[in-house]
Amino acid sequence: MARQFDHMGDVADQGAGICQTYRFVVDARLRDGTLIEVPPSSGRTKQYREEHMDEYVAKTESRDRALITGHSRGLGAAIAERLLERGFAVLAIARDGNRDLARRYPGLTEVAMDLADSPALARWLDEGQLGRFAAGAARVLLVNNAGQLAPMGAPGRQGADAIRYAVAINVTAPLMLTDGFVAATAACGERRVAHVSSGAGRSAYAGWSVYGAGKAALDHHARALQLDAVPGLSVASIAPGVIDTAMQAEIRDASIEAFPNRPRFEAMKANRELASPAEAARQFVDYVLSARFGDEACVDLRKLPPAA
């Protein structure tokens, strides 16, 4: 089930295309400060959301649009903020909202969804919000950022359900979103898909067989998409480097048995070798919006030559 955030203490739950309104719902703060409210007696459901999206996108006055996953914290939050600063209207999907970004940027629309729930994601894609959001865009991006590190450890200790959950987030959701994105943006002139990859998808680490396999899948997906040569579509799978996020804290909290390379990451933190989310996001967004994007299917931001 997905729900639209309002950050006012009330939510509109969306399940299989149905909106249930509690007390009142404020779905967006428009650029002129107007709050859109729906009283519970109105009975407006899917029609309201469709009308609201058209009005909201029109009032942002931006022909640059971006869909991003995992914007509630870390690198995803920093990428979303960087895009908003550059004038993009952003549609963001995560389990939890980002109150700070929603308060400061009227160009942000949030959808609450657990991306491991593949049937819910399929319903959301069928419901059409992505197509309405992208309508009229001159340039539209998809940033598949959401990721799941667990389960760590060798096979036999990972757990079937934990593996299913990780693969759904790390592989299934990005592939579903890419397919839905390409279909929904067929009328847009310039389309770019950016997977957030990792060095773990390109070099093997003990304890990271599930996580590494997921990132390697995104890399290979990008290679195949380049061969598909979809008109107007550019794609790259981008490793952003080692970033000081909650995922790094999770790595340092792991047992040596589960992740034998833990001391290396502890040393990087102690030696202040981790990039900040803001700096990594700056490099990531600058590259995604550059003329070089799509020249290579798999990119490591740390190894890119300086822009000409």
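The values are calculated or read from the model by the stated rules, or taken from the named source; none is laboratory data. All values reported here derive from a predicted model rather than from experimental measurement. Using ideal geometry, Cβ is built from the backbone for each residue, glycine included, and neighbour counts are taken over all protein chains shown. Just the protein is used for accessible areas: all its heavy atoms, side chains included, with ligands, DNA and RNA removed. Shrake-Rupley method; radii C 1.70, N 1.55, O 1.52, S 1.80 Å.
In the stretch 80-133, which residue that is within 26 Å of Gln283 (Cβ to Cβ) and of a type in the set (Gly, Ala, Ser) is surrounded by the most Cβ atoms within 10 Å (Cβ to Cβ)?
If we take residues in the stretch 80-133 being within 26 Å of Gln283 (Cβ to Cβ) and of a type in the set (Gly, Ala, Ser), then Ala80 is surrounded by the most Cβ atoms within 10 Å (Cβ to Cβ).
Which condition breaks for Ala281 when tested against (1) aliphatic (A, V, I, L, M); (2) open to solvent by less than 60 Å² (accessible area, probe 1.4 Å); (3) within 23 Å of Gly207 (Cβ to Cβ)?
(3)
Please count how many residues of the stretch 221-246 are open to solvent by less than 60 Å² (accessible area, probe 1.4 Å) and in a helix (DSSP H, G or I).
So the answer is 5.
Table: residues versus (1) closer than 24 Å to Ser72 by Cα; (2) in contact with a Cys (Cβ under 8 Å, 6 or more places away or on another chain); (3) among the hydroxyl-bearing types (Ser, Thr, Tyr).
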site: Asn144; (1), (2), (3): yes, no, no
site: Gln158; (1), (2), (3): no, no, no
site: Ala162; (1), (2), (3): yes, no, no
site: Ala166; (1), (2), (3): yes, no, no
site: Ala173; (1), (2), (3): yes, no, no
site: Thr178; (1), (2), (3): yes, no, yes
site: Gly199; (1), (2), (3): yes, no, no
site: Gly207; (1), (2), (3): no, no, no
site: Leu218; (1), (2), (3): yes, no, no
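Out of curiosity, is Ala116 in contact with a helix residue (DSSP H, G or I) (Cβ under 8 Å, 6 or more places away or on another chain) and not in a strand (DSSP E or B)?
On the way: in contact with a helix residue (DSSP H, G or I) (Cβ under 8 Å, 6 or more places away or on another chain): yes; not in a strand (DSSP E or B): yes.
Here the answer is yes, as Ala116 does meet what is asked.
Restricted to the stretch 125-156, and to residues that are in a helix (DSSP H, G or I) and within 15 Å of the chain's Cα centre (by Cα), which residue is farthest from Trp208 (Cα to Cα)? Steps first, please.
In the first step, residues of the stretch 125-156 are kept if they are in a helix (DSSP H, G or I); the result is 125-127, 129-134.
Adding the requirement that they be within 15 Å of the chain's Cα centre (by Cα) leaves 125, 130.
Working: Leu125: 31, Leu130: 33 Å.
Filtering the stretch 125-156 for residues that are in a helix (DSSP H, G or I) and within 15 Å of the chain's Cα centre (by Cα), the one farthest from Trp208 (Cα to Cα) comes out as Leu130.
The rows are residues; the columns are (1) outside any strand (DSSP E or B); (2) open to solvent by less than 40 Å² (accessible area, probe 1.4 Å).
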site: Gly180; (1), (2): yes, yes
site: Ala183; (1), (2): yes, no
site: Cys188; (1), (2): yes, yes
site: Ala194; (1), (2): no, yes
site: Ala200; (1), (2): yes, yes
site: Gly207; (1), (2): yes, yes
site: Ala213; (1), (2): yes, no
site: Asp219; (1), (2): yes, yes
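Say we look at the stretch 291-305 and pick out the residues that are open to solvent by 30 Å² or more (accessible area, probe 1.4 Å) and at pLDDT 95 or above; which of these is farthest from Lys215 (Cα to Cα)? Talk me through it step by step, then tell me what you get.
Filtering the stretch 291-305 down to residues open to solvent by 30 Å² or more (accessible area, probe 1.4 Å) leaves 291-292, 295-296, 298, 302-305.
Applying the additional criterion that residues be at pLDDT 95 or above yields 291-292, 295-296, 298.
Working: Ala291: 25, Arg292: 22, Asp295: 20, Glu296: 16, Cys298: 11 Å.
Selected residue: Ala291.
Mind counting the residues in the stretch 259-278 that are among the polar types (S, T, N, Q) and either outside any loop (DSSP other than H, G, I, E, B) or open to solvent by less than 70 Å² (accessible area, probe 1.4 Å) (or both)?
2
Might you let me know whether the stretch 248-264 holds any residue that is touching a residue at least 12 places away in the same chain (Cβ under 8 Å), under 28 Å from Arg86 (Cβ atoms) and out of contact with any Cys (no Cβ under 9 Å at 6 or more places or on another chain)?
Within the stretch 248-264, one or more residues are touching a residue at least 12 places away in the same chain (Cβ under 8 Å), under 28 Å from Arg86 (Cβ atoms) and out of contact with any Cys (no Cβ under 9 Å at 6 or more places or on another chain).
Within the set of pairs 6+ apart or on separate chains, which have a first residue in the stretch 221-247 that is at positive phi, a second that is part of a strand (DSSP E or B) and open to solvent by less than 50 Å² (accessible area, probe 1.4 Å), and C-beta atoms under 7 Å apart?
Gly232/Arg191; Gly241/Ala275
Tally the residues that are over 19 Å from Tyr205 (Cα atoms) and in contact (Cβ under 8 Å) with a residue 60 or more places away in the chain, restricting the search to the stretch 145-173.
Filtering the stretch 145-173 for residues over 19 Å from Tyr205 (Cα atoms) gives 145-146, 160-161, 164-165, 168-169, 172-173.
After this cut, where a residue has to be in contact (Cβ under 8 Å) with a residue 60 or more places away in the chain as well, the list is 145-146, 173.
Total satisfying the criteria: 3.
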